[in-house]
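One structure is given below, encoded as structure tokens.
The values are calculated or read from the model by the stated rules, or taken from the named source; none is laboratory data. This one's a predicted model, so the numbers in the text were calculated from it and none came from an experiment. Glycine gets a Cβ as well: all are built from the backbone with ideal geometry, and neighbour counts include every protein chain shown.
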Ligand code: SF4
């Protein structure tokens with residue numbers, strides 16, 4: 001669930017998939033989140049976990065919530081699942097720190113890595129909304145069923161809806177399997193969850209390139 005992973009990249013390189021202007025709202029967001037007590041998850045957190053990657057990226061990845069390593073480091077997706085996410089993005093030519101902005105639906109670790117409740121997701125929604133507005137991604141990957149529920153309000157449809165594009169407020173969203181699920185299902189055979197996710201990420205890269213070159217427009 002909340003194992004997220006990847007490498008802590010504080011100095012992203014210039015990316016093909018980047019917007020020209022840096023964002024200002026994210027500086028205030030960190031201070032607001034660090035002071036936030038909007039839900040009970042604040043009580044046991046070590047750190048709020050806001051993001052890693054490039055705020056100017058055209059790709060945003062939204063996961064569920066911080067796990068133990070994320071809570072300890074203050075960075076999302078830094079465990080085994082995050083490393084797998086990094087590897088899978090790299091396999092389609094995307095650098096997770098230079099080409100993506102990575103965050104979660106909730107910014108504080110749920111106890112025992114449980115799924116955040118609907119109330120906790122709702123409480124944290126303003127911070128996620130600020131991130132989406134500030135980064136203004138063209139494409140959003142919703143990693144796992146909780147992200148699908150937390151952002152689009154769709155419950156339990158990850159196997160059915162993964163790989164499908166959803167136009168949402170002028171951008172494209174695609175649900176995919178969470179990397180932690182892929183760690184538990186490591187087969188790469190055709191039709192396996194990992195194979196399907198690789199197809200999904202290739203499609204994501206294709207669409208990012210099409211948008212970057214002007215071959216495709218964002219949804220109205
Ligand atoms: S999870 Fe979100 S809403 Fe809850 S305390 Fe943390 S930052 Fe605030």
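Can you say whether residue 197 is away from the ligand (no atom under 16 Å from the Cβ), farther than 16 Å from residue 101 by Cα, within 17 Å of the chain's Cα centre (by Cα) and in contact (Cβ under 8 Å) with a residue 40 or more places away in the chain, as far as the supplied structure shows? Yes, satisfied. Which residues, counting only those in region 31-57, are in a helix (DSSP H, G or I) and either within 6 Å of the ligand (Cβ to nearest atom) or crowded, with 19+ Cβ neighbours inside 10 Å (or both)? Within region 31-57, 33, 41, 42 meet the criteria. Within region 129-159, restricting attention to residues that are closer than 19 Å to residue 32 by Cα and crowded, with 21+ Cβ neighbours inside 10 Å, the residue that is nearest to the ligand (Cβ to nearest atom) is 131. Residue 170 meets all of the listed conditions (1) within 16 Å of the chain's Cα centre (by Cα); (2) in contact (Cβ under 8 Å) with a residue 40 or more places away in the chain; (3) under 30 Å from residue 120 (Cβ atoms) but one, namely (1). Out of curiosity, is residue 72 in a helix (DSSP H, G or I) and without any contact (Cβ under 8 Å) to a residue 40 or more places away in the chain? It is true that residue 72 is in a helix (DSSP H, G or I) and without any contact (Cβ under 8 Å) to a residue 40 or more places away in the chain.
If the condition is being touching a strand residue (DSSP E or B) at 6+ places or on another chain (Cβ under 7 Å) and in a loop (DSSP other than H, G, I, E, B), then region 165-220 contributes 165, 178, 218, 219.
Here residue 71 clears all of (1) over 28 Å from residue 170 (Cβ atoms); (2) more than 16 Å from the ligand (Cβ to nearest atom); (3) modelled with pLDDT of 95 or more except the condition numbered (2).
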